[in-house]
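Enquirer: First, the structure itself, so that you have it in front of you.
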Amino acid sequence: MIGMRLDDGVAIVTLEHGKANALDAEFCEALALLFNELRGNAEIRAVVLTGQGKIFSAGVDLKRVGAGGARYVRDFLPLLHKLYDAVFFCPKPVVAAVNGHAIAGGAVLAACADRRVMARYSGNVGITELQVGVPLPALAFEIVRTVVPPRYLQEFALGAATYASDDALIKGWVDEVVDGWELMPRAVRLARTYASLSPEAFARTKMQIRQPAAERLAASGAATDEAVTAIWTQDATLARIADYVAKTLKK
């Protein structure tokens, strides 16, 4: 499900959950647990997060949502929040090595990192939730709001499009694009650069960057998530998801 190796203080975490690294309840819980463990490990100074094969993460496992229905959704969404919280608010440096498609919840997961490096021509990035008829949960939206250029936020959120590597760089979904062979070496070099800084100063500065998101979550996150869950669990939404899976994911 998750691979990890240590490289002189840098934890290289590889998503290894099926072909698409889709986010289901078990995967979210396991990855959140791992990041919380890394947070408390003094030997680890930085983290590189990447995916196996040709996909970083295709986002939420819609087949599981369709099969599990409203009950699964109510259990799953808090676990998705838990995952994003563990990565986005991790006080240690996190670099995403985007090896392929990062779609919907997978794009949000990449956006949790402090720096995002993508392999050129490897895939697309974007939040496509509105294509399926669901809004982003509160924390997921705040992550996107924090990371992407403000002038593209409405385009990304309401347009529900995806962007190939060079366009993703131009519009701010990723910070760098490199040739595929250079992806991991570059990500590890960035992680080492961050790891060479004062851990306390880095963590404090990172929290200052994320403080507005934390404050908005504290003020309205619970109410937003209640409304989001209500939409995700509607019969009409579940039917739309089932139709999307039948037309798109079973090809």
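The values are calculated or read from the model by the stated rules, or taken from the named source; none is laboratory data. The structure displayed is predicted, hence computed values, not measured ones. Note: ideal-geometry Cβ built from the backbone for every residue, glycine included; neighbour counts use all protein chains shown.
Enquirer: Would a scan of segment 232-247 turn up a residue that is within 22 Å of ALA11 (Cβ to Cβ) and either in a helix (DSSP H, G or I) or charged (D, E, K, R) (or both)?
Expert: Scanning segment 232-247, I find no residue that is within 22 Å of ALA11 (Cβ to Cβ) and either in a helix (DSSP H, G or I) or charged (D, E, K, R) (or both), so the answer is no.
Here's the yes/no breakdown for (1) buried (at least 18 other Cβ atoms within 10 Å of the Cβ); (2) in contact with a Pro (Cβ under 6 Å, 6 or more places away or on another chain); (3) closer than 30 Å to ASP8 by Cβ:
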{"residue": "VAL125", "(1), (2), (3)": "yes, no, yes"}
{"residue": "VAL147", "(1), (2), (3)": "yes, no, yes"}
{"residue": "TYR163", "(1), (2), (3)": "yes, no, no"}
{"residue": "ILE170", "(1), (2), (3)": "no, no, no"}
{"residue": "SER196", "(1), (2), (3)": "no, no, yes"}
{"residue": "LYS206", "(1), (2), (3)": "yes, no, yes"}
{"residue": "ALA214", "(1), (2), (3)": "no, no, no"}
{"residue": "ALA227", "(1), (2), (3)": "no, no, no"}
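Enquirer: For residues that are modelled with pLDDT of 95 or more, of a type outside the set (Lys, Arg) and not in a strand (DSSP E or B), scanning just segment 53-65, find the one that is farthest from the chain's Cα centre (by Cα).
Expert: Step by step, filter segment 53-65, then rank; the result is VAL65.
Enquirer: Give the residue, chosen from VAL125, VAL144, VAL117, VAL177, that is touching a residue at least 40 places away in the same chain (Cβ under 8 Å), of a type outside the set (Asp, Glu) and under 30 Å from ASP235 (Cα atoms).
Expert: The unique qualifying residue is VAL125.
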